Structures are given as C-alpha cells and as structure tokens.
Amino acid sequence: MKTVAVIGASGYSGEELVRLLLNHPFVDLVAVTSRQSAGLTVAQVFPKFASHPRSKVLRFSDPNAPVLATQADLVFLALPHGVAAEFAVPLLDSGCTVIDLSADFRLKSPAVYAEFYGHPHPAPSLLEKSVYGLPELYRSQIQSASLIASPGCYPTSILVPTVPLLRAGLIKSAGIIADSLSGVSGAGRKAELDYLFCECNESVRPYGIPKHRHLSEIEEQLSLAAGTPVTVQFTPHLVPVNRGILTTLYLAPTHHFSSETEAAALAVRIADCYRTAYASEPFVRILEGKALPDTKNVVGTNVVEIAWRLDPRTGRLIVVSAEDNIIKGASGQAVQSMNIVCGYPETAGLI
C-alpha cells in the first residue's frame, strides 16, 4: 500500500482524483488540501462521496509541502500552472514521487514555457528530470520517474492517434490540422462570466486561437515523434456539455492514393500501425467498420476511442478521437501513471 495525497483537491480534476483514490485497491488517501475547504470533511465538500467511510473522517487541510512529505509517499498536484512547481520542489527534495496535472513540467524548454504561459518557468532545473506522463508512449520512462508531468486533455486527444502514424512515416509532419470540441469542465471549477450556464448553454464557440497554450506540448511531442520540427493548426471549441473531448485531425499521408488499389494498400498499413501500437493497450479502443468516436461512450472512463477514414477526394487521412477530459485527459491518466510507477496493475482503480 502506498500513502498518497492530493494538493488542490477541490477542483474538477482534484475531485476526480479523490473519487479514484478513495476506491483504489492499493493506495491509502491520507491527505487532501484546499485553502477554501480547510477543516471540512470530504463528505461535506463532495456529498456524492458520503457513502464512503473515509469521506467522513478525511478532512481538507491547508497545503503544506513539508507536512505532506511526512504523510505521503506520492503526491498529486492538481494546481494551476506556476503554482504547482512551488510545491513540487520541496516534495521532491523530501523524497516524494510527484505527479503534476498542471503544465509546469510538460515542456523541456523554459523559453517555450515562458512564450506560451506568459511568465518565466519557476523551476527550470527540473524540466530535464520530468517525464511526460502519457503511458501509451512513455511507459518505460514512467516506471522509474520521480516527477511525472501528466499531459493536457487536448494534447492527449491529439497525440494518441497521431504519434504512431508519424513514427511509422505514414503521414507528413507538415500541414497537420486539429479541431477539438471540449465540455465546459475543461475550463476548471471557477466563477467566470464565459462559463456561466446562460453563457455556455445553446452555444458553441472557438477560443484560444491561433495559439492555445496546449500547442506547446502538442508540437513538442509531435516533433519528437517525427524527428523534425512540427507546426500544428489547432482550434479548440467550447461546447455545452459537462465533459468530454472530440478531436478531428486532418492529416496528409506520405503515400499518394489515387486508385482503389492504392487506397486499400494504405488502409492496411494504417490499420497495422494502430494494431501494432495499441492492440494490447487497455485504454485505447480502435473502432472498426462504420463506428465513429462518441463522447457518450467514453465519459466516465479512462478510454480513448479512435477511428479513421481515407478521403480520396482530398487525398487526406481523417482521424477522430474521443475521451473524457477529466479522466483520460487529467485524473485517470495521472492514476494510470501512478499504477505504473508503483508497480501496480495498470488498470487498478480505473476499471
């Protein structure tokens, strides 16, 4: 059994972490923090968990890294970027394993971080130490990591379907277009005008264009996969659902397919590529036949659905993915990484 803590447990990702960890068979959730909720029990803050016996005795506390380091073997940081690093440094110095759900350790370049996040990196010396926590791509590195940077929700929906194709040389690294639609929970639990019910309901709108912050890690990871710098056209949209992300990717195959024979041969290569990459992955579902990803089939799970089509009219490969932005896009993926680093079954607490 590992003792674990969650710093910033009152947000949407923190709430989901609490749910997953309370029911995890191999961990003991010993501390949850929130300045606003300090002193209250988990059951008082999250009545939905009141039937769990631990929820009535586990109380929120003020975040204190030295104290938490004496209580927990592993600490999740569900904090805003810029703040997470302030806690990561003393926790790592005390010997804790840290899984950060913010953007603070996802990038290797302090300059790129400053460009996209608008302030200098608070702990640049730790960037080389961090491991990008996308298990399907970096499982072996996660196993021995002490600082895991859990990916963003949009990047997960883009990288999982795209990286195998780039690594196999099946698509060009230039001209990648990604359109994503996200539920309102992706903005976090905060009181802002743009996310009030009357502003979001019956409304679909783009935002963060042309340079959404998540582009930094998307482009860095795709560049690593391609072995050459990759620039992506990325447009996120806010849609009036609570949770879920649907991403549509427009990709240029490296092999031309003007005839049915060429298209059939390319289709076999794409199918083989995905089968090789993900056939044994518990949380990636490649759809077959006429089925297409649907957020209703992944919300509440740690699964990414993927389907693809070749379009002979445009010469493009269209790939579509769906995920739960709070689980596979945040807390579930972080627990998946915890399972790997602790040597637990990867699906523990997630199925």
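What follows draws every value from the coordinates through simple rules; no lab data is involved. From a predicted model like this one, the values you see are computed outputs, not experimental measurements. No Cβ is skipped: glycine too gets one built from the backbone with ideal geometry, and neighbour counts run over all protein chains shown.
For T261 and L196, what does the FRET efficiency come to when R0 = 35 Å and r is the distance between their Cβ atoms, rounded to the nearest 0.05?
0.05
Given the DSSP H assignment, sum -39500 (n - 2.57) over each helix run of at least 4 residues in the chain and divide by its residue total; what's the result at 222 nm in deg cm²/dmol, nearest 500?
-9000 deg cm²/dmol
With the contact rule set at Cα under 8 Å and sequence spacing of 6 or more, what percent relative contact order holds for the range 147-256?
About 47 percent, as a whole number.
Take every Cα-Cα pair in the range 42-195 and report what % of them are more than 20 Å apart.
62
What is the extension gain from I351 to E86, computed as 0.36 nm multiplied by their sequence separation minus the C-alpha to C-alpha distance, in nm to one decimal?
92.1 nm
Going toward the positive end of the dipole of the range 1-119, with +1 on Lys and Arg Cβ and -1 on Asp and Glu Cβ, which of P53, S109, L20 do you reach last?
Positive-end residue among those listed: P53.
What's the extension gain from Q44 to V268 if we count 0.36 nm per residue and subtract their Cα-Cα distance?
Roughly 75.3 nm would be gained on extension.
Return the ratio Rg/(2.2 N^0.38 Å) for the chain, where Rg is computed over Cα atoms only.
It is 0.99.
For the chain, what relative contact order do you get, as a whole percent, if you take Cα pairs closer than 8 Å and at least 6 residues apart?
Dividing the mean separation by the residue count of the chain yields 17 percent.
Evaluate E = 1/(1 + (r/R0)^6) for E128 and Q71, where r is the Cβ-Cβ distance and R0 equals 22 Å; express this FRET efficiency to the nearest 0.05.
In this case the efficiency is close to 0.20.
Could you state the principal axis extents of the C-alpha atoms in the range 2-129, from the largest down, to the nearest angstrom?
Principal-axis extents of the range 2-129 (Cα, largest first): 47, 26, 24 Å.
My understanding is that a pair violates if its Cα-Cα distance is over 26 Å; which of K129/K296; K108/K296; K108/K211; K48/K129; K290/K328 do that in this structure?
Too far apart for the 26 Å limit: K129/K296; K108/K296; K48/K129.
Which residues make up the longest stretch of the chain that has no GluC sites (Glu not before Pro) in a DSSP loop with at most 13 other Cβ atoms within 10 Å?
Free of exposed loop sites, the longest segment is 1-127.
In debye, nearest 20: dipole of the chain around its Cα centre with unit charges on the Cβ of K, R (+) and D, E (-)?
Dipole size: approximately 340 debye.
Could you give the dipole magnitude of the range 2-129 about its Cα centre, charging the beta-carbon of Lys and Arg +1 and that of Asp and Glu -1, in debye to the nearest 20?
440
Treating the beta-carbon of each Lys and Arg as +1 and of each Asp and Glu as -1, no other charges, what is the dipole magnitude of the range 154-325 about its Cα centre, to the nearest 20 debye?
Result for the range 154-325 is approximately 120 debye, rounded to the nearest 20.
Compute the FRET efficiency between R313 and T276 as 1/(1 + (r/R0)^6), taking r as their Cβ-Cβ distance and R0 = 25 Å, and round to the nearest 0.05.
FRET efficiency, R313 to T276: 0.30.
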